[in-house]
Structures are given as structure tokens and as C-alpha cells.
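Take a look at the structure below.
The values are calculated or read from the model by the stated rules, or taken from the named source; none is laboratory data. All values derive from a computational prediction rather than experimental measurement. A quick note on method: Cβ atoms are made from the backbone with ideal geometry, for glycine too, and the neighbour counts reach across all protein chains shown. Heavy atoms of the whole protein, side chains included, go into the accessibility calculation; ligands, DNA and RNA do not. Shrake-Rupley method; radii C 1.70, N 1.55, O 1.52, S 1.80 Å.
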Amino acid sequence: MTLQDDAAPGPRTGNPTEVAAPETRQDRGIAPAGSFALAAYLERWSACAHPDLAASDSEPLPLAALLRLAGPEDRLRWRRADLGYADPRGASWLRATVSARYHRLEADDVLISAGAQEAVACVLRALLGPDDHALVVVPIYQPSELAVTCLCAADGIPLDPGRAWGLDLERLAAAIRPNTRLVLMNFPNSPTGATLDRATLEGLVALCRRHGLWLVNDEVYRQTEVEPERAVPPVVDLYERGISINGLSKGFGLPGLRVGWAACRDRRALDRVLAAKSLLSSCLARPSEILAQVALRAEPRLTERARAIGRRNHRRLRTLLDRLPELFEPDEPRNLAFAFPRFHGAEGATAFARVVASEARLLVLPSDLWRSSLATVPVDRLRLGLGRRGSGAALGILEHHLLGRSRR
Ligand SMILES: Cc1ncc(COP(=O)(O)O)c(C=O)c1O
């Protein structure tokens with residue numbers, strides 16, 4: 001059986017003549033302070049610009065294609081599913097499948113959530129209070145940073161672009177206060193693609209253990225690592241206070257299922273996470289749980305499909321950027337889902353992205369959208385999503401725009 005997508009290419013909506021000159025801050029996709037800048041930008045531009053280079057998820061999988069992968073047990077489950085309230089922790093069979101991804105975890109060490117972000121928010125709410133202090137490794141998905149800063153004091157630890165986005169453990173150690181309770185990070189990192197090497201991760205775990213800190217890692221880009229065979233273990237496998245968060249939104253290509261999870265060896269802490277989650281949603285949708293089970297059992301096929309698309313698009317991007325060395329400094333691929341090249345144009349990456357959106361009707365994300373109130377994030381980069389089939393055609397549009405630009 002082949003993995004047939006049944007997917008029509010994504011719609012190109014909007015008309016260039018309809019792209020009005022932005023007037024207000026909100027029109028320009030500039031979010032008010034303390035709100036989610038990336039969401040505001042997407043809201044502003046996605047109706048009139050090709051979205052594939054802005055996406056961080058892999059090519060979405062249609063429902064029919066996923067159902068074709070179901071084995072007899074899951075097919076029966078699907079046919080017999082009732083739509084009553086389900087287990088607030090997530091179905092036990094789904095938690096068992098998720099727990100088997102980790103070493104020595106059981107179903108009760110896992111809590112299923114509506115997407116990875118719900119897990120991040122609930123873990124933070126469960127573990128942090130107003131007298132606490134947290135360390136946040138920056139850049140990070142903005143809602144995660146905001147979820148920390150609305151709960152307690154925080155400091156940012158910036159990844160160092162000069163050292164291949166390395167994490168400076170000495171700097172992190174120096175920022176620990178008597179009331180620091182938690183380190184929050186996102187590795188593999190978006191938008192940089194950075195990963196931690198084994199020695200740094202072990203040093204970080206040792207530091208957290210010495211100070212009794214929780215180590216919370218958003219691991220949603222693990223499935224699209226360039227060299228998964230060399231990937232470091234999830235934090236929950238290395239540390240008794242490590243919490244690994246992942247889900248099906250990125251490398252599985254299933255963000256619409258809204259299935260994520262938190263894995264944690266401390267069951268009392270997980271009970272507190274459940275209490276935080278119960279204020280938001282009582283349970284997951286049963287159809288999503290069954291489809292998540294199907295996807296997890298078919299993981300190699302789904303993720304290899306996504307990885308092949310990412311590899312192909314990275315090669316296309318490399319060919320394009322190599323032709324324009326005066327405009328771009330290409331990065332080695334760090335994650336198959338996206339690239340993060342530096343832009344040298346005089347107008348800067350933020351203005352360039354806006355011109356590309358309004359003139360070429362193509363959405364690319366300037367690194368300014370990952371700005372942080374806790375640490376400096378370079379603003380001279382573009383994050384180019386490479387996980388979609390349509391990213392290849394979108395790179396063609398970008399190339400056309402760039403060649404026109406250099407003739408002007
Ligand atoms: C680093 C990171 N974490 C979490 C999320 C949200 O994941 P989900 O859709 O599963 O809630 C995103 C989405 O872009 C992300 O980039």
C-alpha cells in the first residue's frame with residue numbers, strides 16, 4: 001500500500017491588486033506588546049499570500065490517507081467509537097503507545113493534551129507561581145514565553161548565533177536565583193533549528209539536578225531532525241524532573257488533530273498538570289485519539305514522507321541561495337522543517353518580508369517575529385518553512401522576485 005495523499009495543492013487566494021497598503025499597526029501585522037506577534041502577522045497576510053514558506057508543519061495528511069493506514073484493531077475502534085466524554089488524561093491505549101516512545105515510562109507517566117501548546121501552558125501553570133523565577137532559553141515559541149511571564153519573574157538565556165546557536169551553560173548557571181524553579185526550552189529549536197549536543201544536555205541536567213529545577217523541553221521538531229540517529233534523548237529519559245512535550249502537529253503533518261502530550265516521571269506533578277488542563281478542556285475528542293493512535297503506529301511512514309519533502313526543499317533552497325551570495329548567508333540545514341538564513345539586503349529582513357508578501361504574494365517570516373521581552377533575538381534572518389510540497393513552487397516565486405529585485 002502506498003501512502004497516497006489525496007491532497008490538492010494549497011489554494012493561492014487573493015489578488016495582488018487587492019493588497020491594500022497597510023495603514024494601522026494591526027494592519028501591518030504588528031502585534032500589541034504582550035501578544036502573539038507571529039499569529040498577528042499570519043492573520044494579516046495569509047489571506048493574500050502563498051503560505052507554504054511560512055509553515056512549520058510538514059505536508060498535512062488528509063483524513064482518508066491516514067485512515068488507510070489503520071490496522072484491524074484501530075479500524076474496529078474507529079467504527080465503534082462513541083462520542084461521550086473520554087478519559088481526561090487521554091485514552092489509556094494512546095498513553096501506552098506514547099509512553100513506549102520513552103525509556104521505562106508507563107501510560108500513567110503521560111498526559112494527552114489538545115496540541116503540544118496546551119501541554120506547555122498546563123505544565124507551566126502547574127509548576128510556577130507568583131513567587132517563583134524561571135529561565136527561558138530564547139528564541140522560543142512566543143506563546144510559551146508569554147505563558148511563563150504571566151505567571152512569574154523570568155530571565156532569558158539567548159542562544160548564541162556566533163556559536164552555531166549554542167547554549168551557554170555558564171550564563172544559564174549565573175542566572176539561577178534561590179527561587180528559580182524551572183528551565184523552559186525548545187530543542188530542536190524553532191526558528192534556529194539548533195539542537196543540543198549530548199555533553200551540553202548532560203551538563204544542563206546536572207545543573208538542574210543540583211538546583212532542584214524542572215527541565216521542560218518542547219520537542220515538537222524532533223521528527224524532522226536532520227540526523228535523527230544522532231539525536232540526544234528526550235529530557236524525560238535523562239532526568240527525573242525532565243518533562244518532554246511533543247505531539248503530532250509538526251513532522252507527522254497532523255496539526256488539525258490537535259494531539260500533543262507531556263511525558264513526566266513525577267506522577268504528582270502530572271496530577272497538577274491535569275488539574276491545570278481541566279480548567280481548559282475536559283478531554284480530547286475521541287476521533288482524534290483514535291487517529292493519533294493510527295499515526296503513531298505508522299510513524300516511520302509518515303515521518304519519512306515529511307523528511308523526504310524537507311530534504312528536497314532544502315536542496316532547492318540551497319541552489320537558490322548559492323546564486324545570491326550578496327543577499328543571503330545560507331545555513332547548513334539544521335532541521336528539515338525549515339531554514340533560517342541571514343539576509344544581507346539593506347532594507348533588512350523585516351521590510352524585505354513585507355515587500356515579498358505584498359509584491360510577490362509570498363509569505364516568509366522575518367526573525368523579528370520571534371522577538372522576546374527576555375533576551376535579544378537577531379532580526380536579520382528569515383525563517384523559511386520547507387516541509388510542504390508547495391514550498392518548492394513557493395521557492396520558485398521567491399527566486400523570480402529576487403532576480404527582479406537585483407535587476408532593479
Ligand atoms: C516550538 C513550537 N511549539 C509548539 C507549537 C504548537 O504546537 P501545537 O499545534 O501542537 O499546539 C508550535 C507551533 O508552531 C511550535 O513552533
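What you get for the range 70-297, charging only the Cβ of Lys and Arg (+1) and of Asp and Glu (-1), is a dipole of about 560 debye around the Cα centre.
Classify the range 334-408 as rounded, prolate or oblate, taking a ≥ b ≥ c as the square roots of the eigenvalues of its Cα gyration tensor: rounded when a/c is under 1.5, otherwise prolate if a/b is larger than b/c and oblate if not. Here the range 334-408 falls in the oblate category. Once the whole set of protein chains is in place, how much accessible area is left on PHE36, using a 1.4 Å probe, in Å² to the nearest 10? Approximately 60 Å² of PHE36 is accessible to the 1.4 Å probe.
Tell me, what is the percent relative contact order of the range 70-297, built from C-alpha pairs under 8 Å that lie six or more residues apart?
Details: 428 pairs, mean separation 66.1, N = 228.
Relative contact order of the range 70-297: 29 percent.
In order along the range 172-181, the Karplus-derived 3J(HN,Hα) couplings, from 6.51 cos²θ - 1.76 cosθ + 1.60 at θ = phi - 60°, round to 5, 4, 5, 8, 6, 10, x, 9, 5, 10 Hz, and Gly and Pro are given as x. For the range 57-104, the gyration tensor built on C-alpha atoms gives an oblate shape. Its axis ratio a/c (a ≥ b ≥ c) is at least 1.5, and a/b is not larger than b/c.
Computed from backbone phi, the HN-Hα couplings of the range 112-129 come to 8, 9, 7, x, 5, 5, 5, 5, 4, 4, 6, 4, 5, 5, 6, 9, 10, x Hz, rounded to whole numbers (Karplus: 6.51 cos²θ - 1.76 cosθ + 1.60, θ = phi - 60°; Gly and Pro given as x).
Ordering GLY256, VAL183, LEU204 by the projection of their Cα atoms onto the charge dipole of the range 70-297, which places +1 on the Cβ of Lys and Arg and -1 on the Cβ of Asp and Glu, puts GLY256 at the extreme positive end. Using a 1.4 Å probe on the protein heavy atoms, what percent of the accessible area of the chain belongs to carbon and sulfur? For the chain, the apolar C and S fraction of the accessible surface comes to 52 percent. At a probe radius of 1.4 angstrom, the accessible area of the chain per residue rounds to 43 square angstrom. With the gyration tensor restricted to C-alpha atoms of the range 70-297, the semi-axes of the equivalent ellipsoid amount to 30, 19, 15 Å, longest first.
For the range 67-154, chymotrypsin sites (Phe, Trp or Tyr not before Pro) meeting the loop criterion (DSSP other than H, G, I, E, B) and having at most 12 other Cβ atoms within 10 Å: TYR85. Annotation: ASP57 carries an accessible surface of approximately 20 Å², with a 1.4 Å probe and no ligand, DNA or RNA atoms counted. The Kirkwood radius of the chain, taken over pairs of alpha-carbon atoms, gives through the Stokes-Einstein law at 4 °C and 1.567 mPa s a diffusion coefficient of 59 µm² s⁻¹.
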